[in-house]
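The values are calculated or read from the model by the stated rules, or taken from the named source; none is laboratory data. What you see is a predicted model; the values in this text were computed from it and never measured. Methodologically, a virtual Cβ is constructed for each residue, glycine included, from the backbone with ideal geometry; neighbour enumeration extends over all protein chains shown. The protein model used for the area step is the full one, side chains on, heavy atoms only, and it has no ligands, DNA or RNA in it. Shrake-Rupley method; radii C 1.70, N 1.55, O 1.52, S 1.80 Å.
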There are 2 protein chains.
Amino acid sequence: MTQERQMPDKAIILTNGELKNSDAKTAHGLIRGTKRFDIAGVIDTVSAGQDAGVVLDGLQRNIPVFANITDFIAQADVKPVWAVIGVALAGGRLGTNWEELLLEVLENRIGIINGLHQSLSTVVRLKAAADRNQVRICDIRKPRPIEELHYWSGKVYDVTVPRIAVLGMDCAVGKRTTCQMLMTLCEAGGIRTELIYTGQTGWMLGYGNGFILDATPNDFVSGEIERAIMDCARQSAPDLMLLEGQSGFRNPSGPCGAEILLSGDVKGVIMVHAPFRTHYVDHESAGCIIPTVESEIELIRMHGAETLAVVLNTETGEPGRLKAYQQDLATKLKLPVIRPIEEGVDRLLPVIRDFIANP
Amino acid sequence: MTQERQMPDKAIILTNGELKNSDAKTAHGLIRGTKRFDIAGVIDTVSAGQDAGVVLDGLQRNIPVFANITDFIAQADVKPVWAVIGVALAGGRLGTNWEELLLEVLENRIGIINGLHQSLSTVVRLKAAADRNQVRICDIRKPRPIEELHYWSGKVYDVTVPRIAVLGMDCAVGKRTTCQMLMTLCEAGGIRTELIYTGQTGWMLGYGNGFILDATPNDFVSGEIERAIMDCARQSAPDLMLLEGQSGFRNPSGPCGAEILLSGDVKGVIMVHAPFRTHYVDHESAGCIIPTVESEIELIRMHGAETLAVVLNTETGEPGRLKAYQQDLATKLKLPVIRPIEEGVDRLLPVIRDFIANP
């Protein structure tokens, strides 16, 4: 897969009432912009009648939300090729209430793009409907065959393109959104930047190099990171690579960070943090308290990388309190700390330029 | 799989000339002792005629080494049920020189236990030979279907059995051997101990609970660690669980450690270290320098666990130099540092008893 490609396929996004929730982060990424698909609408009973961009973050994006497939078809000039499942449920499995919606999609001769762990192409009723209507169900998170996976070799040390990982203190904190904002920033600033995606949404957004980390057998994670970086350097020779992080470094439900920094030989980190979140998402026990940003920065240093800036997720928290937190943290860390939704990410451009000059 | 089982199957180990090398660590574990198989011999051209235990570490274990299958059959009273591939090659794939050996095994109506990533049951010539001779090829490292895997839930926090992880500063440093020595030590000391295995050799040795970490899709590693611990507590209610570590915490070729400590809620670590090894095994670049033990202990602390002792791998290093290193390190760390081959592991019994009393 490279970023050079033909016209993107027309697609709709299925969120089935979840569009407003953080579970719909695949949908949110697609609404913010994708090169892989031309998004014609969202199917969501709860938010029907509104613009999906407005529902997401108040910005009009001309992506209408419909209550069901019939309503969508009634107004559509061209039928979409794909319906993308826009939710990433904890557990990676869809409830049974989804099955009827998916059958309706298939009966309308629209294929399905499924980024969940659960294979849908092997569900008997769905497979039969897909075959009958001559459309495909693509399970993009299915692990690739062992024969196509790579072991780590150390050749990544020969890749001289500077690399920054966008890590998060937790899941669902805004890592991928931050990546998208940084991509726009860097491109506008004349820095040719490529994103190495590590999740299914990254693939859906149309980024050229990467892999789906959580679906990869553990032994091959390091080698696939390395391969994505090497392929990207060879195909695009950019000025900068951004690596999309996953989970949190010390999230007990699935720690991730060491692989990205060490196996990808990454020397810079931009950390995304939700200030008033006390526990890792979906877990309330004492063992799941999120550590301090200071301690995380020290941990990152122990993995050979420096933290360049902190990006705050301001979804929760009163504005005055968030601003005070931001100033305190910036003083304590002696690092730029930004609130991207309110301020944009422009202040990170000189930071990134510095890093590229002295990686 | 539980530890209660019938008579173990008779098996031979295939090492194909590698018996003396660290690549044959699966064989080494089996020679040291397995509850899953009754080991009748080793096939290895280089070490043929010797006792496998003597080749391994000088201890007679009445496991003869034969140059080939024919020689073995000529003296065997009972034919083995299985031939276990005893090497774990970097890359997890066998060279073509192995294929003839495996065909000979199958033609003698002996099944194959394969712990490599490479599936052998799908290799056309091997599959045909297995079918013709009505024996099986078991690819034990094949990832289990998604439907059988578990997500992490946090229920591990309810398991009160104290847990010690045996981690290593690197791969191939003696983690599993240390586990086996500690199991013997604890059992002799009246501490009912269970091992949670995380590699294919652990399965082959017949331990009851665990999973093959490196073959597990990344998203399920944390949940499978938790499940193994919960199953073990329910089935055996031991006084202590030992968790087998994998790789090294900061080994760029595949870092591992955070998952075991955090997702398994493990509070104690015994660290295995090869004193004079400068670089991670098989990797000589500057990025692959092994960090100091002090720094690793600090990293472990940042994951909520304390290091209880350091076990030295004394395979290389002159005895006087090793002893001086041991004393220096013990002084510096204020921890027990032992040379298990020379001294045994008895000094760790009070350490483990203390940990169980105050986990």
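For region B:30-107, trypsin sites (Lys or Arg not before Pro) meeting the loop criterion (DSSP other than H, G, I, E, B) and having at most 16 other Cβ atoms within 10 Å: B:Lys35, B:Arg61, B:Arg93. For the Cα trace of region B:236-295, dividing Rg by the Kirkwood Rh returns an Rg/Rh value of 1.04. Relative to the compact-globule estimate of 2.2 N^0.38 Å, the Cα radius of gyration of the protein assembly as shown comes out at 1.01. Within region A:271-359, the GluC sites (Glu not before Pro) that combine a DSSP coil assignment with at most 12 other C-beta atoms in a 10 angstrom radius are A:Glu284. Pairs of Cα atoms nearer than 8 Å and 6+ residues apart set the relative contact order; for region B:52-125 it is 28 percent. The alpha-carbon atoms of region A:129-261 define a convex hull whose volume equals 142 cubic angstrom per residue.
What the Kirkwood sum gives for region A:144-211 is a hydrodynamic radius of 14.0 Å, with every pair of different alpha carbons counted. How large is the helix-only mean residue ellipticity at 222 nm for chain B, computed as the sum of -39500 (n - 2.57) over DSSP H runs with n ≥ 4, divided by its residue count, in deg cm²/dmol to the nearest 500? Taken over chain B, the calculation gives -9500 deg cm²/dmol.
Size descriptors for region A:219-359, from the alpha-carbon set: Rg then Dmax equal 16.1, 47 Å.
Rounded to a whole number, what % of the accessible area of region A:130-211 do carbon and sulfur atoms account for, probe 1.4 Å? After summing per-atom areas, the C and S share lands at 50 percent.
Chain A contacts chain B over a buried accessible area of about 3300 Å², both sides summed; the probe is 1.4 Å and only protein chains count. When only Cα pairs below 8 angstrom with a gap of at least 6 residues are kept, region B:227-319 shows a relative contact order of 29 percent.
Cα centroid separation, region A:239-273 to region B:237-268: 20 Å.
Considering chain B as a Gaussian network with a 10 Å cut-off on Cα pairs, which listed residue, B:Gln327, B:Gln200, B:Gln50, attains the greatest mean-square fluctuation? Of B:Gln327, B:Gln200, B:Gln50, the Gaussian network model singles out B:Gln327 as fluctuating most. Over all Cα atoms in region B:34-93, the spread is summed up by Rg and Dmax: 12.2, 36 Å. Here the average projected area of the convex hull drawn through the C-alpha atoms of region A:63-133 stands at 5.1 nm². Toward the positive end of the charge dipole of the protein assembly as shown, with +1 on the Cβ of Lys and Arg and -1 on the Cβ of Asp and Glu, the farthest Cα among B:Gly49, A:Ile191, B:Ile69 is that of B:Ile69.
With all pairs of separate Cα atoms included, region B:270-333 yields a Kirkwood hydrodynamic radius of 12.9 Å. In this structure, the amide hydrogen of A:Asp9, modeled 1.01 Å from its nitrogen in the peptide plane, lies closer than 5 angstrom to those of A:Asp38, counting only residues at least 5 positions away or on a different chain.
Between A:Asn251 and A:Cys256, the built amide H atoms are under 5 Å apart, and every one of these is 5 or more places off in sequence or on another chain. Bridgeable lysines around B:Lys155 (alpha carbons under 23 Å apart, same-chain partners fewer than 8 residues away excluded): B:Lys267. According to the Kirkwood relation over distinct C-alpha pairs, the hydrodynamic radius of chain A is 21.2 Å.
Applied to region B:142-154, the Karplus parametrisation 6.51 cos²θ - 1.76 cosθ + 1.60 on θ = phi - 60° returns per-residue 3J(HN,Hα) values of 4, x, 6, x, 3, 4, 9, 9, 10, 8, 6, 10, x Hz, with x for Gly and Pro. Under 5 Å between amide hydrogens, built in the peptide plane, is the criterion, and for B:Val42 it picks out B:Ile13, B:Val65, B:Phe66 among residues at least 5 positions away or on other chains.
For A:Ser295, the accessible surface of its heavy atoms amounts to roughly 30 Å² (probe 1.4 Å, protein chains only, rounded to the nearest 10).
What chain A shows is 40 Å² of accessible area per residue, with the surface traced by a 1.4 Å probe over protein heavy atoms. A simple spin-label model places the labels of A:Asn68 and B:Leu349 7.3 nm from each other, with each point 7 Å out along Cα-to-Cβ. Projected onto planes of every orientation and averaged, the convex hull of the alpha-carbon atoms in region B:1-69 covers 4.8 nm².
Remark: relative contact order (chain A) = 14 percent; criterion is Cα-Cα distance under 8 angstrom and separation of 6 or more residues. For region B:258-359, a crude dipole built from +1 on the beta carbon of Lys and Arg and -1 on the beta carbon of Asp and Glu, taken about the Cα centre, is about 320 debye to the nearest 20.
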